[in-house]
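Have a look at the structure below before the remarks.
The values are calculated or read from the model by the stated rules, or taken from the named source; none is laboratory data. Source: prediction; values computed, not measured. Positions of Cβ are backbone-derived with ideal geometry, glycine not excepted, and every protein chain shown enters the neighbour counts. Keep in mind that these areas ignore ligands, DNA and RNA; they rest on the heavy atoms of the full protein, side chains included. Shrake-Rupley method; radii C 1.70, N 1.55, O 1.52, S 1.80 Å.
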Amino acid sequence: TSKKSTSESSTPSSLKLKYRTNAMRIITTSLLILALLTPAHAQVNAYMAIVKKDGSANAIQFVDACMVNIKKTNRVALNPIVAAIRYSENGKPGREFGILPSRCPDTFRGQAGWCAATVQKNYDRWLRTKPKECTTQEFIVFLGARYCPVGADNDPANLNKNWIRNVTHYYRKFK
């Protein structure tokens, strides 16, 4: 009798799973090394938070949305805020980041991209108007007044009053 080789006895689905598992280990290890070698650990923390909440496929879309919509020089500061918004909004599929405009695609990538662009645009506005020595907390307050205003017509339960506190809480976890 002839023995089947390991590759012949493996099913295609088990090979896919093995490949996916190995790929995730490589990605996770690479990100951890990056976190240890650069000041970009906040970006890695934000990415890993999205992996935990939404899975690796959506985390890749999160990274793409941040790379496209957030200036390279601002990513360390702003990516954790975008992840904190995801956790704070905790929206259902198609509304993960709490974006309501009809022009926003109801996909994870669409939501993440719209959120990241909103954060970047408001950060630029804030930088033009802020006093010299301001904190990230002050930016979150500034952003909250625009992203999730208290007293908004679409907030009859007045949940927006919790937004700044919630985003601040998650930002501190992810930075």
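Key figures
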read-out	value
Set ASN160, ASN166: member being of a type in the set (S, T, N, Q), open to solvent by 40 Å² or more (accessible area, probe 1.4 Å) and in contact (Cβ under 8 Å) with a residue 12 or more places away in the chain	ASN166
Among the residues listed as ALA157, ALA152, ALA116, the single one being in contact with a helix residue (DSSP H, G or I) (Cβ under 7 Å, 6 or more places away or on another chain), in a loop (DSSP other than H, G, I, E, B) and not β-branched (Val, Ile, Thr)	ALA152
Residue in the range 75-98 that is outside any loop (DSSP other than H, G, I, E, B), surrounded by fewer than 18 Cβ atoms within 10 Å (Cβ to Cβ) and in contact with a Gly (Cβ under 9 Å, 6 or more places away or on another chain) present	no
Residue selected from the range 75-113 under the condition polar (S, T, N, Q) and touching a helix residue (DSSP H, G or I) at 6+ places or on another chain (Cβ under 6 Å), by the criterion farthest from ASP155 (Cα to Cα)	ASN79
Residue that is farthest from TRP114 (Cα to Cα) [pool: residues in the range 139-148 that are open to solvent by 30 Å² or more (accessible area, probe 1.4 Å) and touching a Phe, Trp or Tyr at 6+ places or on another chain (Cβ under 9 Å)]	PHE142
Selection count where residues are acidic (Asp, Glu) and modelled with pLDDT under 95, scope the range 69-122	1
Hits in the range 108-136 (condition: in contact (Cβ under 8 Å) with a residue 24 or more places away in the chain and open to solvent by 60 Å² or more (accessible area, probe 1.4 Å))	ARG109
Pair list, Cβ < 7 Å and 6+ apart or interchain, from the range 73-91 residues that are in contact (Cβ under 8 Å) with a residue 24 or more places away in the chain and hydroxyl-bearing (Ser, Thr, Tyr) to residues that are in a helix (DSSP H, G or I) and open to solvent by 30 Å² or more (accessible area, probe 1.4 Å)	TYR87/LYS53; TYR87/TYR170; SER88/ASN166; SER88/TYR170
